[in-house]
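The values are calculated or read from the model by the stated rules, or taken from the named source; none is laboratory data. These figures come from a predicted structure and were not determined experimentally. Using ideal geometry, Cβ is built from the backbone for each residue, glycine included, and neighbour counts are taken over all protein chains shown.
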Amino acid sequence: MEYRIVDEKDYEGLAKAMAESYFEEPWNENWNRERAIRRVKAIMGNFEALGLAAIENGQIVGGLLGYIDPYAEEDFYYISELFVIPEKKKTGTGKALISELEEILKKKSISVIQLMSIEYNEGFYSKCGLGKDDVSVLFKRYK
């Protein structure tokens, strides 16, 4: 498996892998090509965006997309998306993406990673060394 920083030429492959990842349980989401590419472009269009791809046999099989989030006394890295195609889940690919990210962030003197997660994934993130903080995610749907 190869891990590398993504650029625009990877967006299509990232979108395809993301759509495959979220098609199954627990998400059951049906991403069409255009929406998936739009999501990837939206994340990668952020200030100081940084994405990683997991590549096997020339195909993107996983991705980690996010951006550097400047704050008062230090910068954080916010993970917007972390996904691995179904066939590669539970093979260490997701954990390796986080590990690769940590190495890149150390060189940038960034020592905090943040993300939002569904409860289903908390066990995985815990194994990667992430834990809950004091922030709550608030939500409102309106029409």
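Results, tabulated for the structure shown:
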read-out: Neighbours by Cβ (under 7 Å, 6+ apart or cross-chain): first from segment 71-89, exposed (fewer than 12 other Cβ atoms within 10 Å of the Cβ); second hydrophobic (A, V, I, L, M, F, W, C); value: GLU74/VAL112
read-out: Qualifying positions in segment 114-133 - of a type outside the set (Lys, Arg), in contact (Cβ under 8 Å) with a residue 24 or more places away in the chain and in a helix (DSSP H, G or I); value: TYR120, PHE124
read-out: Leading residue by the ranking (surrounded by the fewest Cβ atoms within 10 Å (Cβ to Cβ)) among those in segment 46-61 that are closer than 14 Å to LYS9 by Cα and of a type in the set (Gly, Ala, Ser); value: GLY58
read-out: Test: residue in segment 42-61 that is assigned to a strand (DSSP E or B) and either out of contact with any strand residue (DSSP E or B) (no Cβ under 7 Å at 6 or more places or on another chain) or at positive phi (or both); value: yes
read-out: Hits in segment 28-55 (condition: aromatic (Phe, Trp, Tyr) and either within 15 Å of the chain's Cα centre (by Cα) or modelled with pLDDT of 95 or more (or both)); value: TRP31
read-out: Tabulated pairs, segment 56-69, first of a type in the set (Asp, Glu), second part of a strand (DSSP E or B) and surrounded by fewer than 21 Cβ atoms within 10 Å (Cβ to Cβ), C-beta under 8 angstrom, 6+ apart or interchain; value: GLU56/GLU2; ASP69/ASP75; ASP69/PHE76; ASP69/TYR78; ASP69/GLN114
read-out: Sole residue being part of a loop (DSSP other than H, G, I, E, B) and under 22 Å from GLY51 (Cα atoms), chosen from SER136, SER111; value: SER111
read-out: Those residues of segment 72-88 which are out of contact with any Asp or Glu (no Cβ under 6 Å at 6 or more places or on another chain) and either of a type in the set (Phe, Trp, Tyr) or farther than 18 Å from ALA15 by Cβ (or both), in sequence order; value: ALA72, GLU73, GLU74, ASP75, TYR77, PHE83
read-out: One residue from ILE98, ILE104 being under 15 Å from the mean Cα position of the chain (by Cα) and surrounded by fewer than 17 Cβ atoms within 10 Å (Cβ to Cβ); value: ILE104
read-out: Test: residue in segment 120-127 that is among the acidic types (Asp, Glu), within 16 Å of the chain's Cα centre (by Cα) and surrounded by fewer than 11 Cβ atoms within 10 Å (Cβ to Cβ); value: no
